[in-house]
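Read through the structure below, which is laid out as structure tokens, and then see the notes.
Throughout, read-outs are computed from the coordinates displayed, never taken from laboratory work. Worth saying up front: this structure is predicted, and the values here are computed from it rather than measured. Here the Cβ positions follow ideal geometry from the backbone for every residue, glycine too, while neighbour counts run over all protein chains shown.
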Amino acid sequence: MGTTVQARLDKETQAILDRLRRNGRTTSDIIREAIRLVDRERSRGAAGKMIGIGMIRSGVPDMGSNKKYLEGLGSNSGVGKRSKARAQDAFRRRAS
């Protein structure tokens, strides 16, 4: 028919495969369908979507556009250090 594929499955994936095979389907049928489903989802752009964007409320309406909040972002200087210190203080308060 075509190409032979060999794969190692973890216990959880093997249990799923066993459950799917109880319905009378072959392993090859299940694998072919899974590959088609992954391809279909990726062609829709589902793989590139980020989950959770816009779900955190900081209380600052211009957090993402005001340059004073973006200054030092990603570095170990400026706002980055102050933000890290505030986050650590908040964590300590919640933990105690």
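Residues checked against (1) of a type in the set (S, T, N, Q); (2) part of a helix (DSSP H, G or I):
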{"residue": "Thr4", "(1), (2)": "yes, no"}
{"residue": "Gly24", "(1), (2)": "no, no"}
{"residue": "Arg32", "(1), (2)": "no, yes"}
{"residue": "Glu41", "(1), (2)": "no, yes"}
Worksheet item: Got a number for residues in segment 6-22 being in a loop (DSSP other than H, G, I, E, B) and exposed (fewer than 10 other Cβ atoms within 10 Å of the Cβ)?
Response: 5
